[in-house]
Amino acid sequence: MQQQLLIIGFVWPEPNSSGAGTRMLQLIELFLKQGWNITFASAASDSEFMFDVTSLGVEKVAIAINDSGFDDFVKALNPTIVLFDRFMVEEQFGWRIAEQCPNALRVLDTIDLHSLRIARQKATKEQAEFHLDDLFSDTAKREIASILRCDISLLISEVEMELLQKHYKIDGGLLYYLPFLVDAIDQETIQSWLAFDERKDFIFIGNFLHEPNWNAVQYLKESIWPLIRKELPEASMQIYGAYPSQKVLQLHNAKDRFLVFGRAKNAFEVVSKARVVLAPLRFGAGAKGKLIEAMQCGTPSVTTAVGAESMNGDLAWSGSIADDPAAIAKTAAQLYQDVNLWQQSQQNGVAIVNQRYEKSLFESDFIAWILSIQRNLAPHRNANFMGAILLHHTTASTKYMSRWIEAKNK
């Protein structure tokens, strides 16, 4: 059967701006490799930095929320598989897909568990300890309902897989662990990397529309960089990231060697020239694209337990993990000065990428899983009766709210 895949994007993919954009391009390339026809639709506005999906042979379609025109579009397209990019997209369009294309396999790419990230953010801002009880939020209820309504949900973090099954009691048959999918780091790539003595400075890179990144840069500026400066007065802290606001740019201070550059034209290039990546993320979820990128560039990193969560398994980290400013600064300075420690950390990064993210480890099993669920869709859905209940009531409530908004807008 020729597969017709419809991807409904929260935004148009920006792989040079965020890990989510990189993830989406990885999925598209995997599906194209199967010979599937792909349509990418989004209600988001075009952006200056979006990737041109049509260059890959993907059809690009602009859609609107609360618009019955989508029903006509999707019915004519008649997709066999629909991929929702984040749970908010499934909330908007999932009921329409279920109504117009009931036999289409519905797949949710969670990116990260938004409810986990938001709960951790709230605890951090309130200077409180995070507890699992914090996850009983309205966002969690919406997110878990979306996961239950879908046939398969993709998780990028093993910790989140476990949380969904143990804490929320979700059947593991509805979940699939699919991390970032990257090429192996081969010897030729390693030989192309700049050596320890050819690199200098610390670097942070991240999309500033993502709150954990903005918070991490504030934390660096106020609590960590002053300690590193005392130890390494000749080193600089370079801050790069897409969509910096004025409050981000105002942190630039040449005297303190805290340098804010904004968007990097080539993230790999600037990370490859730095000696150490500093990513003191105090809250967040999912896996961190910036830390995979650091390993791909041969650049060791210093991050927190949240930053490294679910990324290295039982393997040694590509640098160090610490959770208070003094420990972060101390380990960062050691890594910056100790060539043997630095080289070992670099090798650790190669092992993590090649053993945990190399795409050939996951691609064929994932496609086989999707096709297996698709062939047995009726019994798969019958086993998820709670999801059927939620879909029934969501369709009833969301459908008429959407119809009301559409009529009001006219």
Using a 1.4 Å probe on the protein heavy atoms, what percent of the accessible area of the stretch 45-180 belongs to carbon and sulfur?
49
Take the Cα radius of gyration of the chain and divide it by 2.2 N^0.38 Å, with N its residue count; two decimals is plenty.
1.02
Net charge around I389, counting only other residues with Cβ within less than 13 Å of its Cβ (Lys, Arg = +1; Asp, Glu = -1)?
+2
Short to long, in 10 Å steps from zero, the percent of alpha-carbon pairs of the stretch 88-131 per bin is 23, 32, 21, 17, 6
Any idea how far the Cα center of the stretch 258-277 sits from the one of the stretch 105-128, in Å?
27
Below 15 angstrom from the Cβ of S55, what's the summed charge of the other residues (Lys, Arg +1; Asp, Glu -1)?
-4
Using 32 Å as the Cα-Cα cut-off, could you pick out the over-long pairs in K265/K410; K166/K273; K221/K288?
K265/K410; K166/K273
In straight Cα distance, which aspartates and glutamates are under 18 Å from K75, not counting same-chain residues fewer than 8 positions off?
E59, D67, E90, E99
Of every hundred units of 1.4 Å-probe accessible area on the stretch 301-356, the number belonging to carbon and sulfur atoms, as a percent, is 48
Roll a 1.4 Å probe over the protein heavy atoms and report the accessible area of H131 in Å², nearest 10.
100
Write down the accessible area per residue of the stretch 161-318 in Å², having rolled a 1.4 Å probe over the full set of protein chains.
42
Along the dipole axis of the chain (charges at Cβ: +1 for Lys and Arg, -1 for Asp and Glu; origin at the Cα centre), the most positive-end residue among M295, N66, A254 is N66
What is the spin-label model distance, in nm, from Q337 to A316 if the labels are put 7 Å beyond Cα along the C-beta direction?
2.1
Full-extension gain in nm, D52 to K265, via 0.36 nm per residue minus C-alpha separation:
75.0 nm
Applying a 10 Å radius around every beta-carbon, put 307-313, 104-110 in order of their mean neighbour count, most first.
104-110, 307-313
Rounded if a/c is under 1.5, else prolate if a/b is larger than b/c, else oblate: which is the stretch 1-119, with a ≥ b ≥ c the root eigenvalues of its Cα gyration tensor?
rounded
Remind me, relative contact order of the stretch 87-147 in percent, using alpha carbon pairs under 8 angstrom and six or more residues apart?
43
Tilt of helix 363-375 relative to the longest C-alpha principal axis of the chain, in degrees (0 to 90, nearest 10)?
20
Once both labels are modelled 7 Å past Cα along the beta-carbon direction, what's the K247-S192 spacing in nm?
3.9
Straight-line reach from K200: which aspartates and glutamates fall under 14 Å, measuring Cα to Cα and dropping same-chain residues less than 8 apart?
E234, E269, D338
Kindly list the residues of the stretch 34-57 that lie in the label zone of A76, defined by a backbone N under 16 Å from the point 7 Å along the Cα-to-C-beta vector.
39-42
Please give, to one decimal in nm, the separation of the simple spin-label points placed at Q127 and L25, each 7 Å out from Cα toward the Cβ.
4.2
Taking the chain and counting helices only, DSSP H stretches of n ≥ 4 at -39,500 (n - 2.57) each over all residues, the nearest-500 ellipticity at 222 nm comes to -14000 deg cm²/dmol
Sorted by accessible area (1.4 Å probe), largest first, how do E29, E48 line up?
E48, E29
Rounded to the nearest 10 Å², the accessible area of F385 at probe 1.4 Å
140
Using 0.36 nm per residue, how much length does the chain from L361 to S45 gain when fully extended, once their Cα-Cα distance is taken away?
110.2 nm
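The values are calculated or read from the model by the stated rules, or taken from the named source; none is laboratory data. Remember, predicted model here, so these are calculated numbers, not experimental data. Cβ coordinates were reconstructed from backbone atoms using ideal geometry, including for glycine residues, and neighbour counts include every protein chain displayed. Just so you know, the surface numbers come from the protein's heavy atoms only, side chains and all, with ligands and any DNA or RNA stripped out. Shrake-Rupley method; radii C 1.70, N 1.55, O 1.52, S 1.80 Å.
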